[in-house]
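Notes follow the structure.
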Amino acid sequence: MTVTVKPLKDGFGAEIAGIDLSRPVGGEDRDAVYGAFLDHHLIIIRGQALSAEQVTAAARIFGDKLEPHLFEHFHHPDTPLIMVLSNRVEDGKPKGMADAGSFWHTDVSYKPNPAKATMLYALEVPDDGGDTLFCNLTAAYEALPEAMKSRLDGLRAVHDYAYLPRDVFTSGKVTPPPDCSQPLIRTHPETGLKAIYISPAYIVRIEGLADDDSEALKKEIYDHCLHDRFRMRFKWRTGDVVAWDNAALMHSATTKELDPAKPRTLWRATISGGPVF
Ligand code: SIN
């Protein structure tokens, strides 16, 4: 099989064909997939049929170390390295997390070493609804006026997983990690490209600014990043594998609005990253 990489029309993201993730991916094929991930920030591989073990093996294309999600009650029964996202309920028990985050965020930005990449594999998706939204924070940085780039450079923000009140935290079911400070502008460790580093769902404040100024600057940055030209909506098909670079993009689920009668089940693997610079 020959691997082909076809960029999407939205300005970022690429669809890769000619890869069967149920088999080990090495050598030139691995380089092609990883290269596309770095170049396009998000890759889509369609038509896969994978076991849990094959999903974790595929996720290691993007990094050696995978990490379990904090919400242990949604771990896959065979491996904590897969989190089950599902709105199915069996015997009165949720089969997975129905809404993993219908708000803009960058995975694990609330820890000193956030997730490098995230990979999702779609086992069942509705014909309509349950799309995932992505926002290109590298392009958003490049489009900033020079004066704004200089203003943001060196600023830091406090990220807290429990910034938005959620039942899991208020019920005491999950204890969020301590908040942490991250730069507002980050440099990609491999491509050297700069990106705005935001997680609107987790950012409490911008350090060193009065509350009003921090809120005003947050709004200005979010409004800029969330402009249509930096965004795309991904419509899932069963068998899709999507992996994205958390140093370049932020994302949002739309599952809060999904009709619970329309089953949607995905498996998620999180690839560990290092500190943000
Ligand atoms: C996520 O935020 O990782 C999940 C995205 C989705 O379910 O669409």
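The values are calculated or read from the model by the stated rules, or taken from the named source; none is laboratory data. Remember, it's a predicted structure, so these values are computed and weren't measured experimentally. Glycine also receives a Cβ, built like all others from the backbone with ideal geometry; neighbour counts cover every protein chain displayed. Ligands, DNA and RNA are excluded from the accessible area calculation, which covers all protein heavy atoms including side chains. Shrake-Rupley method; radii C 1.70, N 1.55, O 1.52, S 1.80 Å.
Assorted remarks:
- FRET efficiency, THR238 to ALA216 (Cβ-Cβ, R0 35 Å, nearest 0.05): 0.20
- Ratio Rg/Rh [Cα only; Rh per Kirkwood] for segment 4-272: 0.95
- Surface accessible to a 1.4 Å probe, per residue, for the residues of segment 4-75, Å²: 50
- If the chain linking HIS224 and GLU146 were pulled fully straight, counting 0.36 nm for each residue of separation and taking away their Cα-Cα distance, it would gain 26.7 nm.
- Averaged per residue, segment 197-277 has 44 square angstrom of accessible surface, using a 1.4 angstrom probe with ligands and nucleic acids left out.
- Percent of Cα-Cα distances greater than 17 Å, calculated over segment 155-277: 69
- Helix-only [θ]222 nm of the chain, DSSP H runs n ≥ 4, -39500 (n - 2.57) each, per residue, nearest 500: -5500 deg cm²/dmol
- Under the Karplus curve 6.51 cos²θ - 1.76 cosθ + 1.60, θ = phi - 60°, whole-Hz ³J(HN,Hα) for segment 127-140, x wherever Gly or Pro sits: 4, 9, x, x, 5, 10, 9, 10, 9, 8, 7, 6, 5, 5
- Under a 5 Å amide H cut-off, with hydrogens placed 1.01 Å from N, LYS194 pairs with HIS188 among residues at least 5 apart or on other chains.
- All aspartates and glutamates inside 13 Å of LYS173 as judged from Cα atoms, apart from same-chain residues fewer than 8 positions distant: GLU72
- Neighbours of SER86 by Cβ distance under 10 Å: Lys/Arg scored +1, Asp/Glu scored -1, total +1.
- Solvent-accessible area, 1.4 Å probe, carbon plus sulfur percent, for segment 4-272: 49
- Of all lysines in the structure, the ones whose alpha carbon falls short of 30 Å from that of LYS235, not counting any fewer than 8 places away in one chain, are LYS6, LYS9, LYS65, LYS93, LYS95, LYS111, LYS116, LYS194, LYS218, LYS219, LYS256, LYS262.
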